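Worksheet: one structure, shown below.
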Amino acid sequence: MRRTQKTLVIPVCLTLASLLSMAAKTYAQTVTIPVETQNNALVLQTDADKNLKMVYFGTKLTNTGEYAQILPMYKQADDSGILNSAYTPSGSANLAEPAITVTHADGNKSLNLVYVSHQVTKIDDDVTLLTVKLKDPAYPFEVTLYYKTYFKEDVTEQWSVIKHNEKGIVTLNKFASANLNLKGNGFWLKQYHGNWAEEMQPEEARLTHGIKTLDSKLGTRANLYEPSMFMVSMDKPATEDEGKVMLGSLEWSGNFKIDLELDVANNLRVIAGINNAASEYHLKPAEEFTTPAFVYTYSDHGKGDASRKLQRWARKYKIVDGQGERLTLLNNWETTYFDFNESKLAQLLKDTKKLGVDMFLLDDGWFGNSHPRNGDNAGLGDWQENKQKLPNGISSLVKEAQANGVKFGIWIEPEMVNPASDLYVKHPDWVIKQPNRPEKYFRNQLVLDLSNPQVQDFVYGVVDNLFTKNPDLAYIKWDCNAVIYNAYSSYLKKDQSHLYVDYVKGLYKVLERVRAKYPKVPLMLCSGGGGRVDYGALKYFTEFWPSDNTEPLERVFLQWEYSYFYPAITSSNHVTDWGKQPIKFRVDVAMMGKLGFDIVVSKLSEQDLNYVHDALKSYDYLKEAIWHGDQYRLQSPWDNDAASIMYVNDAKSKAVVFNYLVNNRYGAGTKVPIVLKGLDPQKKYSVKEINVYPGTNSSLGKDLTFTGNFLMTVGINPDVNSGRASVVLQLDEVK
Ligand code: DGJ
């Protein structure tokens, strides 16, 4: 957003004097508020009745003054007069899907919201916050809309704050974060569905009239069947480099609801927020209800450009230490499952060193004594070291790791409890379950009630105790494997409908405390795979676990789709024994993010181990480009024999191109060159194949040098075929 005002905070009220002093263009009684970023604009405008409308969303205009003239250009039917409301109320003129529905203290269900004032606060050179105050003329009820814009990144976070001063409790029946109105000649929605080990399955289709809803009612692990990430193309389906497209997702780790309504006037209304299903919220006078942010970006240059904007924003502003370093690691989940003891771990610590990674990550199974965690049916909640497996505790393992020259990290799942645990017996009231119904388990476990401050203290304590007792603990993997069945909180008593919302707020309170005390320690966000990947949680984490599915061919597709919304530095990619591909293919795929391993190191042949050592060196050299550079999806795995993905560092002096065969049919491979992107056309680049398996030779030849212009016009053929199923190219500027 760029405004011409010089002052830091600019309050604007509907008085003549202030109207005249506003940079926002006003016409008679109307106020026009352009919310601009480097390339884009969202324009709000009041009508003669002070209804606030969203009149434009797209490429920004050169002349800001002309925003006020956009609306008259449209001659679309709108009997209600507020079809394009910036935050659609219900129970008055609006008969479309509302952003907000309330029951006033007197039982009346109507709401109207009119513009009162707006204020622009410049937070720094890049970030600006616009707030727009709306109120109901008939009730002391108000909503403030927040638009936080990141100018260079072309990203906006939007949310609302709701409050009232009525004589009694007001019930919020629906309370969206954002309500956008898009104009276009047709809209195409790209959405995702999935399940365990099948995350991020894409579907794209033209939206027809009526409402398409993306939602979750799972409570925790909310993304298991469907995440809140989506894209909408306008006019035609956008490609990587062409077309108008918006990417959005809700920064919320619980139930969400995104309504996409192609309305009577052929505009698309996007209403995104917490799912109101079974979640009406009772608001006391003067209390504020703050909705989570809906984050979105827009590009008129296709999905690739939009995704790079979101990735840059995430690295700079959202994830923990987005511009920092990450640890490579060896994890033991798939090599031991629950079956380990100190001597096995001692060997694994040696293996960590032998493999050449930074850290050993001890997974599930290290805790529980009266109910030892020897399987997934016991122990959750009892976070004491299992005395049989680990008689000398975690601290001796941390020391042993250090003696081996590696760091030590540990797995926890602190929000959960097995009925077979001391915690369950001691605190039945801490468990989410219906008092009069049989318990229903997901992976033999139940969810602790994080709406309860005592439970928040307990969960915080699990983390804090680990770090207090083991100050050198280097990493935590935070898992969350169950959904909420039989939602009921002993703590919330009469406010049962607050549970889904207060659970997530409770979780964030815990994570706030963790981050206040341990600001930089790496935390992995895991949820039985990618059941909880969202920017609400990622604000507290350095990385996430995309899926338990580490089959490398599947991963090419899965990582491809995640990358539209999340930067590579956040994607924990582990080399495992899933799939039949050789170690080279598996490592090459895992290198496109935060590299880790979960393999039996002793089973690697000498050549395999040499290959890994070599690949780790390349990774160390290229991680700057992979973690902090720009990503270009060159060739999709969905409709080509070979997928091709490229990362370029900021200086455009270093790049890496990963190419994988994704089709097993006879003769499948790269027949024509792959056109590279993101380079400097003027620069010269040496191109060499790296990660070449010991004893084999690259078919590409040596001393290859091309200009950026050539590589981005003609391209280069990595010669992917059944004998060369994975080919990695390193590019270096030649001075
Ligand atoms: C689910 C995770 O996705 C796995 O990586 C592993 O940590 C298991 N939980 C442990 O129970």
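Suppose we keep only residues that are crowded, with 19+ Cβ neighbours inside 10 Å and more than 13 Å from the ligand (Cβ to nearest atom) within segment 329-345. Which one would you say is farthest from Glu385 (Cα to Cα)? The selected residue is Leu330. Listed by first and then second residue, the pairs linking a residue in segment 323-339 that is more than 18 Å from Asp577 (Cα to Cα) and modelled with pLDDT of 95 or more to a residue that is open to solvent by 20 Å² or more (accessible area, probe 1.4 Å) and within 16 Å of the ligand (Cβ to nearest atom), with Cβ atoms under 8 Å apart and 6 or more places separating them unless they lie on different chains, are Arg326/Pro522; Leu327/Pro522. Just a yes or no: is a residue in segment 688-705 closer than 30 Å to Ile319 by Cα, touching an Asp or Glu at 6+ places or on another chain (Cβ under 6 Å) and either among the hydrophobic types (A, V, I, L, M, F, W, C) or open to solvent by 10 Å² or more (accessible area, probe 1.4 Å) (or both)? There is no residue in segment 688-705 that is closer than 30 Å to Ile319 by Cα, touching an Asp or Glu at 6+ places or on another chain (Cβ under 6 Å) and either among the hydrophobic types (A, V, I, L, M, F, W, C) or open to solvent by 10 Å² or more (accessible area, probe 1.4 Å) (or both). If only residues of segment 545-558 that are of a type outside the set (Ser, Thr, Tyr) and within 16 Å of the ligand (Cβ to nearest atom) are counted, the one that is nearest to Leu247 (Cα to Cα) is Leu558.
Just one of the numbered conditions (1) over 28 Å from Glu606 (Cα atoms); (2) touching a residue at least 12 places away in the same chain (Cβ under 8 Å); (3) not aliphatic (A, V, I, L, M) is not true of Pro694: (1).
Close Cβ contacts (under 9 Å, 6 or more residues apart or on different chains) running from residues in segment 516-530 that are aromatic (Phe, Trp, Tyr) to residues that are more than 9 Å from the ligand (Cβ to nearest atom) and part of a helix (DSSP H, G or I) comprise Tyr518/Val463; Tyr518/Asp464; Tyr518/Phe467. Screening Lys652 on (1) outside any loop (DSSP other than H, G, I, E, B); (2) charged (D, E, K, R); (3) away from the ligand (no atom under 16 Å from the Cβ); (4) touching a residue at least 12 places away in the same chain (Cβ under 8 Å) shows it passes everything except condition (1). Only one entry of Lys520, Lys477 meets the criterion of being within 30 Å of Ile645 (Cβ to Cβ) and buried (at least 23 other Cβ atoms within 10 Å of the Cβ), and that entry is Lys477. The condition of being over 24 Å from Lys353 (Cβ atoms) and open to solvent by less than 50 Å² (accessible area, probe 1.4 Å) does not hold for Val425. Of the numbered criteria (1) under 30 Å from Phe340 (Cα atoms); (2) open to solvent by less than 10 Å² (accessible area, probe 1.4 Å), the one Asn465 fails is (2). A count restricted to segment 447-461 and to residues that are open to solvent by 10 Å² or more (accessible area, probe 1.4 Å) and among the aliphatic types (A, V, I, L, M) stands at 0. The single condition among (1) touching a residue at least 60 places away in the same chain (Cβ under 8 Å); (2) within 16 Å of the ligand (Cβ to nearest atom); (3) farther than 28 Å from Val501 by Cα; (4) basic (Lys, Arg) that Lys407 does not meet is (2). Residues in segment 533-544 that are more than 15 Å from the ligand (Cβ to nearest atom), buried (at least 23 other Cβ atoms within 10 Å of the Cβ) and part of a loop (DSSP other than H, G, I, E, B): Asp534, Thr542. Of all residues in segment 155-195 being open to solvent by 10 Å² or more (accessible area, probe 1.4 Å) and among the β-branched types (Val, Ile, Thr), which is nearest to the chain's Cα centre (by Cα)? Within segment 155-195, the match that is nearest to the chain's Cα centre (by Cα) is Thr156. Picking from residues in segment 357-405 that are under 20 Å from Thr335 (Cβ atoms) and of a type in the set (Lys, Arg), the one that is least open to solvent (accessible area, probe 1.4 Å) is Arg373.
Quick grid of which residues meet (1) under 30 Å from Arg633 (Cα atoms); (2) more than 30 Å from the chain's Cα centre (by Cα):
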{"position": "Arg326", "(1), (2)": "yes, no"}
{"position": "Gln347", "(1), (2)": "no, yes"}
{"position": "Val357", "(1), (2)": "yes, no"}
{"position": "Phe360", "(1), (2)": "no, no"}
{"position": "Asp376", "(1), (2)": "no, no"}
{"position": "Lys389", "(1), (2)": "no, yes"}
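Within segment 109-121, identify whether any single residue is within 30 Å of Asn223 (Cα to Cα), surrounded by 21 or more Cβ atoms within 10 Å (Cβ to Cβ), at pLDDT 95 or above and not acidic (Asp, Glu), and answer yes or no. No, every residue in segment 109-121 fails to be within 30 Å of Asn223 (Cα to Cα), surrounded by 21 or more Cβ atoms within 10 Å (Cβ to Cβ), at pLDDT 95 or above and not acidic (Asp, Glu).
Residue-by-condition table, conditions (1) in a loop (DSSP other than H, G, I, E, B); (2) touching a Gly at 6+ places or on another chain (Cβ under 9 Å); (3) surrounded by 16 or more Cβ atoms within 10 Å (Cβ to Cβ); (4) not polar (S, T, N, Q):
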{"site": "Glu439", "(1), (2), (3), (4)": "yes, no, no, yes"}
{"site": "Asn481", "(1), (2), (3), (4)": "yes, yes, yes, no"}
{"site": "Ser489", "(1), (2), (3), (4)": "yes, no, yes, no"}
{"site": "Arg515", "(1), (2), (3), (4)": "no, no, yes, yes"}
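The values are calculated or read from the model by the stated rules, or taken from the named source; none is laboratory data. Computed from a prediction, not measured in an experiment: that's the story for all the values here. Note that each Cβ is placed from the backbone with ideal geometry, even for glycine, and that neighbours are counted across all protein chains shown. Accessible surface is based on the protein model in full, side chains and every heavy atom, while ligands, DNA and RNA are left aside. Shrake-Rupley method; radii C 1.70, N 1.55, O 1.52, S 1.80 Å.
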